[in-house]
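Below is one structure; the comments refer to it alone.
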């Protein structure tokens, strides 16, 4: 947790906007071709492959990069309001994109924490084994069966819910990261009653 919040010292509100592939590619190349250190150097997540020498985008999510495609992009909101003035990103956005209000943008550390917590949940309950027929996806029936098994292994008092105390005991058995307990409960506990129901576990599928 300390590393997470140390890396994201600021809120870093993320706006989700549509961007044409060619604009992303040229903005990437422009920022990476600048002399180092380059404060406006554009970074991408692990799903984007960029050629180290030419700075050309090769693929996105395992698919070949398409300069004509409109991509849905999460980006630091302040980059859309003039920070570092990255071109042609700024010109394209000002002419073609309605930038969401700052209040509508989620902080990046909240998003990263959400992904980390869901990954830990999936590891603990063996989500990768829910796909019983091995077709590469988890069907509704497989999800229900997997959740039933997961709850049965954690729900010591048999009330059909997983409390924070039951989760802590289960995590100790599975060598889970106990620092995440409160966040793990909060992530799935949609109704805020302090425990996780069968229906709330379904959020692990998304």
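Worth pointing out:
- Scanning region 71-98 for residues that are at pLDDT below 95, part of a loop (DSSP other than H, G, I, E, B) and touching a helix residue (DSSP H, G or I) at 6+ places or on another chain (Cβ under 6 Å) yields one hit, 86.
- Region 150-179, subset assigned to a helix (DSSP H, G or I) and without any contact (Cβ under 8 Å) to a residue 12 or more places away in the chain, residue nearest to residue 204 (Cα to Cα): 152
Here's the yes/no breakdown for (1) over 21 Å from the mean Cα position of the chain (by Cα); (2) in the same structural domain as residue 46 (by TED's automatic domain parsing); (3) free of Cβ contacts under 8 Å to residues at least 12 places away in the same chain; (4) within 30 Å of residue 150 (Cβ to Cβ):
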| position | (1), (2), (3), (4) |
| --- | --- |
| 73 | no, yes, no, no |
| 76 | no, yes, no, no |
| 86 | yes, yes, no, no |
| 126 | no, no, no, yes |
| 129 | yes, no, no, yes |
| 135 | yes, no, yes, yes |
| 138 | no, no, no, yes |
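- All conditions but one from (1) part of a loop (DSSP other than H, G, I, E, B); (2) free of Cβ contacts under 8 Å to residues at least 40 places away in the same chain apply to residue 146; the one that does not is (1).
- Residue match in region 44-54 (condition: surrounded by 13 or more Cβ atoms within 10 Å (Cβ to Cβ), at negative phi and under 17 Å from the mean Cα position of the chain (by Cα)): yes
- So residue 12, is it within 23 Å of the chain's Cα centre (by Cα), closer than 19 Å to residue 99 by Cα and modelled with pLDDT under 90: yes
- Selection status of residue 68, loosely packed, with under 14 Cβ neighbours inside 10 Å, in contact (Cβ under 8 Å) with a residue 40 or more places away in the chain and not in a helix (DSSP H, G or I): yes
- Matching option when the condition is in contact with a strand residue (DSSP E or B) (Cβ under 7 Å, 6 or more places away or on another chain) and touching a residue at least 40 places away in the same chain (Cβ under 8 Å), among 47, 12: 12
The values are calculated or read from the model by the stated rules, or taken from the named source; none is laboratory data. What you are looking at is a predicted structure, and each value in this text was computed from that prediction instead of being measured. Counting neighbours? That spans all protein chains shown, and the Cβs are built from the backbone with ideal geometry, glycine included.
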